[in-house]
Amino acid sequence: FQANRLSAGFEWWPLLERKLVITNVRLFSFQFNLSKRTPQDPLNLQFLIDAFSKKDTTRKNPNIDLQINSILLRKGAFRFDIGNAPETPGRFNPKHLSIQDLSATISLGALRKDSIDASIKKMSFTEQSGLQLERLSLQVVGNPDSVCLHQVEVKLPATTVRIPEAQVAPIAFDNLKSVRDSSQLLLEIAPSRICLKDVAPLVPAFRNFSDTLDLSADASGRVNDIALHHLTLKYSDKMP
């Protein structure tokens, strides 16, 4: 890990109430590299993980109460490599991940043992496969009863997807089957435009699909039983 500039500030008084309030975190012109020689080997920062996970016989309060008012990331880079994994030039490969020009503005309003309130005001980056995220913004609010995403916007070079609200409730994490059978979904997709070519690094078959698809929808139900209440599709000028 290296950075040209790293700074942070926090408030003293909330510590008396066992609450950590970080006023700002700024990380500029940074690079973070993770690697493994093989999938079975430990990460190159395993020594750091071990240092913070040593057994401590003192009793600790498991409750977390954290607030970070502002996290600013600018001109960042992140790389992850598994040494013996084959490379796939021009195609997204999670075993050889290389993100450049990472910028983000993030706020963590609250993080507790049973809840979260956070927002990404803007995030952008490019990946070596050609995947280019021009903008990601959203707000997430979660508790034991539900997880809600608000005002989600994903912008790629020719794609803009807007989701005013997406909700899953109640949350049942016992296993995938319980999530599929019990969790109720609510999804609203505002008028959006999709160009499949933008995700060609993920699905190479879409490389020649430069036409756009206009989409809007409302849906609810369970993961394995979705009901569409409204769906509008327009494919270029060919399908109204």
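Here are a few things to note about the model shown:
- Comparing His229, Ile99, Phe1 along the charge dipole axis of the chain, the residue lying farthest to the positive side is Phe1, per the Cβ-charge model.
- Average accessible surface area per residue within the chain, 1.4 Å rolling probe, Å²: 65
- Expressed as a whole percent, the accessible surface of the chain that belongs to carbon and sulfur atoms is 57, based on a 1.4 Å probe.
- Lys-Lys pairs in the range 36-154 that are eight or more residues apart or on separate chains and whose Cα atoms lie under 22 Å of each other come to 6.
- Gyration tensor (alpha-carbon) shape descriptor, the range 10-158, a/c threshold 1.5: oblate
- Gain upon complete extension [Thr88, Leu228; 0.36 nm per residue less C-alpha separation]: 46.7 nm
- Reachable aspartates and glutamates from Lys197, criterion Cα separation under 16 angstrom, eight or more residues apart if same chain: Glu127, Glu134, Asp211, Asp214
The values are calculated or read from the model by the stated rules, or taken from the named source; none is laboratory data. All of these numbers come straight from a predicted model, not from anything done at the bench. Neighbour counts are summed over all protein chains in view; Cβ atoms, including those assigned to glycine, are modelled from backbone coordinates with ideal geometry. Ligands, DNA and RNA are stripped out before the accessible areas are found, and what is left, the full protein with its side chains, is counted by its heavy atoms. Shrake-Rupley method; radii C 1.70, N 1.55, O 1.52, S 1.80 Å.
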